[in-house]
Amino acid sequence: MIKEFILSMIGFILLIILVLLGVAFLTLLERKVLGYVQVRKGPNKVGFIGLLQPFSDAVKLFTSEQTFPMFSNYYPYFFSPIFSLFLSLSVWLIMPYSTNMFSFNLGLLFFLCCASLGVYTIMVAGWSSNSSYSLLGGLRAVAQTISYEVSLALILLSFVFLVGSYKFLDYYYYQSLVWMFFIMFPLCLIFFTSCLAETNRTPFDFAEGESELVSGFNVEYSSGGFALIFLAEYSSILLMSCLCCILFLGSDLLSFFFYLKIVFISFVFIWCRGTLPRFRYDKLMYLAWKSFLPLSLNYLLLFLGIKLIMMSILL
């Protein structure tokens, strides 16, 4: 028992290290891609073709002076970035490992719980800074989350009806012959758009809209606090890319092709940032409640009907 626990802990620590390494190179990929989108060079001075740039950024961020606003609520202000990173790393436990190291039976519910908790960290960070801009960013994040997470939950519920399991390893077995992408193409697009909103990315980055909020909920953060928020956001981007692959494009973790798919979806996240302008805030609400919600609800009822018909035929 103790041996299994120690092995699990070693596996979890390795997982965290590799995720943080992935996040470091995702930031480099983003800066390179955005550079070429804007017809300029990205980082290319530190190390060979800029490969050491993420590490120099990390050293710079964590060694610069930490400032605290005089009228902030100190403990919530200090702990919300730490809790945010902890949450975004905890969700990685749902990955469908064939070793059954952490892949538990209710992985999908665990993901929904952590995704819903994530907004509280943004809200507390915005409120505890005691700044009007950061509070407005936090409130936007809350309203945004309520809007699109309903359709996100309905999409995941469609998978539960089809597969009949909350365990992500079962989604790998069910897609060994054909990907869900071909059956659920519109849902895939809705899911990806919801992922953009989930991770506060362009064109849905209202919680940190520089043009009207002077950087939004994280405006009072500097040094390590800002770096932790930054790490949490990019870790969520990688996780959402993985989840998109697991649900729609098959998930053989032992295949090199699986990781290429993750890189491609992460690239599309960056591509959207380089290409699309920011949405208007009321239009996101309109999109979430009047377009995504009816469509995902119709698909849910369709899959429920198919499931009932199949069960009646078999019985």
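None of the figures in this text is laboratory data; all of them are computed from the coordinates on show. Note that the structure is predicted; figures quoted are calculated from it, not measured. Please note: Cβ atoms are built from the backbone with ideal geometry, for glycine as well, and neighbour counts cover all protein chains shown.
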Net length gained if the chain between Leu29 and Ile313 were fully extended (0.36 nm per residue, minus Cα distance): 97.2 nm
Vicinal HN-Hα couplings computed from phi for the range 250-265 (Karplus, 6.51 cos²θ - 1.76 cosθ + 1.60; Hz; Gly/Pro x): x, 8, 7, 5, 8, 9, 5, 4, 4, 6, 5, 5, 4, 4, 5, 5
Gain on full stretching of the segment that runs from Tyr259 to Leu189 - 0.36 nm per residue minus C-alpha separation: 23.2 nm
Long-range tail of P(r) for the range 67-314 (Cα pairs > 23 Å, %): 52
Mean ellipticity per residue at 222 nm, deg cm²/dmol - from DSSP H runs of n ≥ 4 across the chain, formula -39500 (n - 2.57): -23500 deg cm²/dmol
Karplus-derived HN-Hα couplings along the range 114-124 (A = 6.51, B = -1.76, C = 1.60, θ = phi - 60°), whole Hz, x at Gly and Pro: 5, 5, 6, 5, x, 6, 5, 5, 5, 5, 5
Distance in nm between pseudo-label sites at Asn130 and Leu106 (7 Å out along the Cβ direction from Cα): 4.0
Likely footprinting exposure, Phe25, Phe71, fewest C-beta neighbours within 10 Å first: Phe71, Phe25
Residues Met1, Met9 arranged by fewest to most Cβ contacts within 10 Å: Met1, Met9
Cβ-based exposure ranking for Asp170, Asp205, Asp282, in which fewest neighbours within 10 Å come first: Asp282, Asp170, Asp205
Approximate shape of the range 216-315 as ellipsoid semi-axes (Cα gyration tensor, √5λ), whole Å, largest first: 34, 23, 13
